[in-house]
Amino acid sequence: MEFVYPYLFWVMIVPFILFAVLVATNKERLSRIFDEKVLERLSAANESMPQRLRNIILFTGIFFMIVAMARPVVDKGEQTVEVKGLTVLTALDISGSMRSKDVYPNRLEFAKKKMDAFFDAMPSDEVGVVAFAYAPFVLAPFTSDKATLKMIIDGVDDSYINMGSTDFSALGTLASELLEQKKPKILVVFTDGGDEKAIAGFADILKANHIDLYAVLVGTKKGAPVLDENGKPMKQKDGTIAITQRNDALGALAKANGGAYVIAGNGNDDMKQLADVIHAKYKMQSQGKVKVHQRSEYFYYPLALGLLFLLAGFSSFPRIERRKKEGGAV
């Protein structure tokens, strides 16, 4: 048996002992505080237990509370635990249409929140992140450190957005290189979609490299204006405002390519469900071994005893009544 916080025990036990000694030896404390006439008018009625016994019970309760705060444990030593999970490549769309505001605050920020939720749903899995528009690039290598991944994703802002056309084929080529040594090969794309012409070559690359595609589609079918870097609607050659709509063709490709797709909504349940689908389909791979320091906690025993003694001590306090003076009420 040992304490997790031994310093806390010694810091509190010393003043506790001094206080207990002072209380035990201070026989005339009431007479030092109250005037004799006041003491005559106040009396303790219906005292259920002797004061000395009550003090012992209270101090015993406090002692057990101090022991509980120091966290007594039984150390069981270190054990080697195998960590299992999957390796997943995620891709964030940073094309110009991701500035559109048909979801709050815009498609890019909404997709980033969905990625954060997806990371939370994949706690023991290795995840890599790429960004793509006209030319894809790696944002983060494969890692199980989700806090770092979130920091990197949160740093992707409007300055990353590329107004060039989205090249899904280039994304497929980069994904095939990054996933070449991985089994299974899983790609999760966060995007507002792409038309059948844009994803035709993408489908061939995925199939040739045995990559399973999962798509998280953001935006609405109604669509919203395409915005420039100043937040102003862009116009087409004929002078009309350019409107971008969510295109679900990529979702159909994902289903045909061994995966699935999700229309991103509010809340995190959709990302948890997507993670559950992925985990259910594939066999978890070993992600290495880690050493875990194991110990059994026993703080709840002194905590329970301390509360029990304190309850008994406080419930035994006498009721203070005012005596009546001779010849009249006080």
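Yes/no per residue for (1) touching a Cys at 6+ places or on another chain (Cβ under 7 Å); (2) at pLDDT 95 or above; (3) within 30 Å of Gly231 (Cα to Cα); (4) not aromatic (Phe, Trp, Tyr):
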| residue | (1), (2), (3), (4) |
| --- | --- |
| Val81 | no, no, no, yes |
| Asp93 | no, yes, yes, yes |
| Ser97 | no, no, yes, yes |
| Glu109 | no, yes, yes, yes |
| Phe118 | no, yes, yes, no |
| Ser124 | no, no, no, yes |
| Tyr134 | no, no, yes, no |
| Phe137 | no, yes, yes, no |
Does at least one position in region 135-158 carry a residue that is β-branched (Val, Ile, Thr), within 17 Å of Lys114 (Cβ to Cβ), in contact with a strand residue (DSSP E or B) (Cβ under 7 Å, 6 or more places away or on another chain) and not in a helix (DSSP H, G or I)? yes
Determine which single condition Lys255 fails, assuming it passes every other condition in (1) touching a residue at least 12 places away in the same chain (Cβ under 8 Å); (2) in contact with a Phe, Trp or Tyr (Cβ under 7 Å, 6 or more places away or on another chain). (1)
Go through region 188-205 and give me each residue that's touching a helix residue (DSSP H, G or I) at 6+ places or on another chain (Cβ under 6 Å), part of a helix (DSSP H, G or I) and of a type outside the set (Gly, Ala, Ser). Glu196, Ile199, Phe202, Ile205
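What about Met1, is it surrounded by fewer than 10 Cβ atoms within 10 Å (Cβ to Cβ) and modelled with pLDDT under 85? Spell out the reasoning first.
Details: surrounded by fewer than 10 Cβ atoms within 10 Å (Cβ to Cβ): yes; modelled with pLDDT under 85: yes.
Criteria met by Met1.
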Take Val88 and tell me if it is modelled with pLDDT under 85 and among the aliphatic types (A, V, I, L, M). no
For region 206-230, what are the residues that are under 21 Å from Gly96 (Cβ atoms), part of a loop (DSSP other than H, G, I, E, B) and without any contact (Cβ under 8 Å) to a residue 60 or more places away in the chain? Lys221, Asn230
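The rows are residues; the columns are (1) touching a residue at least 24 places away in the same chain (Cβ under 8 Å); (2) closer than 14 Å to Val88 by Cα; (3) under 17 Å from the mean Cα position of the chain (by Cα).
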| site | (1), (2), (3) |
| --- | --- |
| Met122 | yes, yes, yes |
| Phe132 | yes, no, no |
| Ala135 | yes, no, no |
| Asp145 | no, yes, yes |
| Met151 | no, no, yes |
| Gly155 | no, no, no |
Output yes when any residue across region 284-307 is at pLDDT 90 or above and basic (Lys, Arg), and no when none is. no
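Could you tell me whether region 165-175 includes any residue that is in a loop (DSSP other than H, G, I, E, B), assigned by TED's automatic domain parsing to the domain that holds Phe132 and crowded, with 23+ Cβ neighbours inside 10 Å? Reasoning before the result, please.
Residues of region 165-175 that are in a loop (DSSP other than H, G, I, E, B), as a first pass: 165-167.
Among the residues that remain, those that are also assigned by TED's automatic domain parsing to the domain that holds Phe132 are: 165-167.
Checking the rest, the ones that are also crowded, with 23+ Cβ neighbours inside 10 Å come to 166.
Checked against the condition, which is being in a loop (DSSP other than H, G, I, E, B), assigned by TED's automatic domain parsing to the domain that holds Phe132 and crowded, with 23+ Cβ neighbours inside 10 Å, region 165-175 yields at least one hit.
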(1) assigned by TED's automatic domain parsing to the domain that holds Phe168; (2) assigned to a strand (DSSP E or B) all hold for Gly77 apart from (1)
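Looking at this structure, is Ala224 surrounded by fewer than 17 Cβ atoms within 10 Å (Cβ to Cβ), in contact with a helix residue (DSSP H, G or I) (Cβ under 9 Å, 6 or more places away or on another chain) and farther than 23 Å from Ala117 by Cα?
no
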Need pairs with beta-carbon distance below 7 Å; first residue on the phi > 0 side of the Ramachandran plot and within region 185-200, second buried (at least 24 other Cβ atoms within 10 Å of the Cβ) and part of a helix (DSSP H, G or I); sequence gap 6+ or separate chains. Gly193/Leu250
Need pairs with beta-carbon distance below 7 Å; first residue assigned to a loop (DSSP other than H, G, I, E, B) and within region 292-315, second aliphatic (A, V, I, L, M); sequence gap 6+ or separate chains. Tyr298/Val73; Tyr298/Val74; Phe299/Ala68
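The values are calculated or read from the model by the stated rules, or taken from the named source; none is laboratory data. Computed from a predicted model, the values in this text were never measured in an experiment. Neighbour counts are summed over all protein chains in view; Cβ atoms, including those assigned to glycine, are modelled from backbone coordinates with ideal geometry.
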